There are 2 protein chains.
Amino acid sequence: MTASTALLTDRYELTMVDAAIRAGTHDRRSVFEAFGRSLPAGRRYGVVAGTGRLLELIEGFRFQDAELEFLSEHRIVSAPTLDWLAGYRFSGTITGYREGELYFPNSPILVVESSFAEGVLLETLILSVLNYDSAVAGAASRMVSAARGRPLAEMGSRRTGERSAIAAARAAYIAGFAATSNLEAGRTWGVPTMGTAAHAFTMLHDTEEEAFRAQVAALGPGTTLLVDTYDVAEGVRTAVRVAGPELGAVRLDSGDLLTLVSAVRAQLDELGNRDTKITVTNDLDEYTIAALAATPVDSYGVGTSVVTGSGSPASGMVYKLVARQDNAGEWISVAKKSPEKATHGGRKHPVRALSASGIATSETIYVGAAAPSVVPGRMLHTRLMTDGVADAVFTGPHGVASARERRAIALRELPPEAFRLAAGEPALPTVYVDAEPSATRR
Amino acid sequence: MTASTALLTDRYELTMVDAAIRAGTHDRRSVFEAFGRSLPAGRRYGVVAGTGRLLELIEGFRFQDAELEFLSEHRIVSAPTLDWLAGYRFSGTITGYREGELYFPNSPILVVESSFAEGVLLETLILSVLNYDSAVAGAASRMVSAARGRPLAEMGSRRTGERSAIAAARAAYIAGFAATSNLEAGRTWGVPTMGTAAHAFTMLHDTEEEAFRAQVAALGPGTTLLVDTYDVAEGVRTAVRVAGPELGAVRLDSGDLLTLVSAVRAQLDELGNRDTKITVTNDLDEYTIAALAATPVDSYGVGTSVVTGSGSPASGMVYKLVARQDNAGEWISVAKKSPEKATHGGRKHPVRALSASGIATSETIYVGAAAPSVVPGRMLHTRLMTDGVADAVFTGPHGVASARERRAIALRELPPEAFRLAAGEPALPTVYVDAEPSATRR
């Protein structure tokens, strides 16, 4: 384990700083922007996630002796650059979408204003966090809609890198999941945790009944018993016999859930356990969750599909230089020219345009100058970090709770077609309003 | 950052331990097995990755005051279990496939022998590491074959969680990639690092030429210049003018590479830069890499597709109790009964069966007793950890280097159809040989 986040970085960021220091261009004031050219395939909207933990990681981005030694030993940068890195602390300003906010193609999610060298060093860290966390949150949000109010638990830690698992639990919670199986996410981010037993626990004991008795003795009759290790109907009977009328829930982790859930509900009712709930956890995604809406299921546990972004494991965000000063201190908008990767230069001011009834009609991006105050809509940018210090409102468990609320509020503004699961166009068009002609220089 | 790996765990593992301690069953000797029921869709073989770093994480799996306090405060386990966890240190034995070894459906990749409680606690950590790292290695290995000897660099850190990025770089290197952009992977695992500059560096400067001069001044003429920020042909001309005949390489990150690579090669040759190489980095996967084999490309940089497992971001491995002792100390093979998740109980002894000419013919798994010594083939299990102490041969950068060799050696045994990119059946059938009737108890 390494405490510093400074080497969570692509080598070319350091070689660019090295060359820029040598050329005397490293200190030019610059504006970098993180955005996605498109949403993950077929999605109607995206959910910004990762911002709060990113701010904390940026504050921890320092080159200490161990990192400098590695860079020196492998001759990755020159001696003057090593000195500069030793004193590095991001001292710029970060503006952006609040965590939990929705985004659309080209929404300027994060804007970093600093010297070129300070800003370019953060590229990989910013993209790793936003790309992964937003991939999870975007998928999770669709699952939450598909579940129509029934609670969802994230239990996919085993299907993603062991530390990504924490971020996934956090992102799914922001997107409306009720809980996670991941204990570290509980400790670090205040996400409620859940979980009782796996098939191994049943098989450890000589009979299913013995296993259920052991579990109820430890966790009380309100626990959730996993009833599909051997025969489901017998498992349910045993569960009710052991835990009685107070049995909290039974869990089904295999089989044809569409028919099984109704059969188990009928059996529980017949046994007098009308208050015992049914939770299902068998390779669910937004489509199977939606299909199960017709059954008497009470809650869902979701693994692989949520932590891998349900087919889109990376959000495709990029981090681009959009403006910089020249030697005279004049601002110059810059943009890459290649056809499919063209970028829109200049500082952006995004607004979620709203109809009179409060329904979003477009993502309007003012380029160069701020939106006129008469525009009907919601300004999307807020200050996240000033002079290298994160606004504490956005960090820690409190930031997670706020992000969860933000997503719920922002979602209410969307038109109904945004909630279709079928692949389609983004729910809102992205509209540019140029306040000044954007200059491209070479 | 948290140093202990003990909360990288699903809550149900702790509640199972809690219930088992209360029932007095936690100390039953048990055998857990990690395996994949199938390969990722359409793949011909899998590559085991993550083992070495997993062994290190298991050694660091301890509950310290901070973890115990969280568990106590949230009443996740009872007081006797807290005491037991305070003294926890995995003291069992782990046997398995060497890292870099190939695997097939149901290959018993990792076998954990310990008390039930000691072994069940590691489920999430083991699966997180093996599932992610093997997903990357399996995809990377196909890319390496598709590149037909041309070197590949992994540069996808920005497309996966910031710590998964380190694991991805490590796994891709094990699977035959030549280098990574990720500096932490260089420091921690000894993976060679690479990278020079992004489009932002060109756009920081007033002209492309100025940017190239700055880069060559810092990194020497042997550097790689990114020539597609504005116009490729002009970029190549400028690059050669600035760096001269010693220009190391030009990088293309956009456009139709199939035609562009040949045009740039012709231009470089015409300018007298016959030794200047061409590297391409535009959203490549195994299929585009294979298509580019017909062009004069010299090396590839791969991002998103390799770190997200090229369509299969999790390998689908599971961790199952396969045998345990009863109160009398008798071993009992156990298995879940539900149809699609049925498991094969009992301790396994896998052999890569080989023909007389050394070509693999099947993955033969002896159940219950070891393979007879006369079987022609290679024993696949080796001891990885004894009494909770990892065999140092498998850990650290040295373990990574050995794993890289292991994959190369194992790959040479495969029949030619294993290297087809098209979706198909596993290259080897998995064959079970039961040495004893497997008993299932309930």
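Read the figures in this text as sums done on the coordinates, not as results from a lab. Bear in mind the structure is a predicted one, so any value in this text is a computation, not a measurement. So basically every Cβ, Gly included, is an ideal-geometry build from the backbone, and we count neighbours across all protein chains shown.
Suppose the chain between A:Ser362 and A:Glu405 were pulled fully straight at 0.36 nm per residue; how much longer would it get relative to their current alpha carbon spacing? Don't jump to the answer; show the numbers that get you there.
Values: separation 43, 0.36 × 43 = 15.48 nm, distance 2.16 nm.
Here the answer is 13.3 nm.
So if I take the centroid of the Cα atoms in the range B:313-327 and the same for the range B:90-113, what is the distance between those two points in Å?
About 11 Å separates the Cα centre of the range B:313-327 from the one of the range B:90-113.
Helix A:257-270 versus the longest principal axis of chain A: what is the Cα-based angle in degrees, 0 to 90, to the nearest 10?
Approximately 40 degrees, to the nearest ten.
Taking a spot 7 Å from the Cα of B:Arg75 along the direction of its beta carbon, which residues of the range A:235-262 have an amide N less than 13 Å from it?
Within reach of a label on B:Arg75, which here means backbone N under 13 Å from a point 7 Å along Cα→Cβ, the range A:235-262 contributes nothing.
Classify the range A:196-297: rounded, prolate or oblate, from the alpha-carbon gyration tensor (a ≥ b ≥ c, eigenvalue square roots; a/c under 1.5 rounded; otherwise prolate if a/b is larger than b/c)?
Numbers: a/c = 1.93, a/b = 1.43, b/c = 1.35.
It comes out prolate by the Cα gyration axes.
If you build the convex hull over the alpha carbons only and average its shadow over all orientations, what do you get for the range A:93-206? Give it in nm² to one decimal. Kindly include the intermediate steps, with their values, before the conclusion.
Working: hull surface 37.6 nm².
Mean shadow area of the hull around the Cα atoms is 9.4 nm².
Find how much the distance from B:Ser91 to B:Arg420 grows on full extension, using 0.36 nm per residue of separation minus their present alpha carbon separation; answer in nm with one decimal. Intermediate results must be reported in sequence, preceding the final value.
Values: separation 329, 0.36 × 329 = 118.44 nm, distance 4.27 nm.
The B:Ser91-B:Arg420 span can extend by a further 114.2 nm.
For the protein assembly as shown, report the % of Cα-Cα distances exceeding 39 Å. Kindly include the intermediate steps, with their values, before the conclusion.
Numbers: 160430 of 390286 pairs.
Everything past 39 Å amounts to 41 percent.
Show the residues, 5+ positions off or on another chain, whose built amide H is closer than 5 Å to the amide H of A:Val433.
A:Ile365, A:Tyr366, A:Val367
When all alpha-carbon pairs of the range B:126-264 are counted, what percent fall beyond 28 Å? Spell out each step's value before the answer.
On the way: 2700 of 9591 pairs.
Here the tail beyond 28 Å accounts for 28 percent of pairs.
How large are Rg and Dmax for the range A:81-155 when only the alpha carbon atoms are used, in Å?
Cα only, the range A:81-155: 17.2, 56 Å (Rg, Dmax).
For Cα pairs less than 8 Å apart in space and 6+ apart in sequence, what is the mean separation divided by the residue count of the range B:196-297, i.e. the relative contact order in percent?
On the way: 139 pairs, mean separation 24.3, N = 102.
Value for the range B:196-297: 24 percent.
Rounded if a/c is under 1.5, else prolate if a/b beats b/c, else oblate: with a ≥ b ≥ c from the C-alpha gyration tensor eigenvalues square-rooted, which is the range B:361-437?
Working: a/c = 2.33, a/b = 1.10, b/c = 2.12.
Here the range B:361-437 falls in the oblate category.
Quick one: in the range A:178-252, what % of C-alpha pairs are over 14 Å apart? Before the final figure, lay out each step's value.
Numbers: 1636 of 2775 pairs.
In whole percent, the long-distance tail amounts to 59.
P(r) for chain B, please, calculated from all Cα pair distances in 10 Å bins and given in %.
P(r) for chain B, in whole percents per bin: 4, 19, 26, 22, 14, 9, 5, 1, 0.
For the range B:257-298, what mean projected area does the convex hull of the alpha carbons give, in nm²?
Taking a quarter of the hull surface, the average projection is 2.7 nm².
Let's test the formula: R0 of 60 Å, r as the Cβ-Cβ distance of B:Ser38 and A:Val433. What FRET efficiency results, to the nearest 0.05?
Numbers: r = 52 Å, r/R0 = 0.86.
Using R0 = 60 Å, I get an efficiency of 0.70.
Using modelled backbone amide H atoms (1.01 Å from N, in-plane), which distant-in-sequence or interchain residues come within less than 5 Å of A:Gly301's amide H?
Hits under the 5 Å cutoff: A:Ala153, A:Val280, A:Thr281.
Label-point separation (nm) for B:Asp391 and B:Asp83, each offset 7 Å from Cα along Cα-to-Cβ?
The answer from the label model is 3.8 nm.
Roughly how many Å is it from the Cα centre of the range A:203-258 to that of the range A:361-378, as a whole number?
Cα centres, the range A:203-258 to the range A:361-378: 56 Å.
Over chain B, what is the relative contact order in percent, taking alpha-carbon pairs closer than 8 angstrom and at least six residues apart?
23
Classify the range B:1-99 from the C-alpha gyration tensor, please: rounded if a/c falls under 1.5, else prolate or oblate depending on whether a/b exceeds b/c.
prolate
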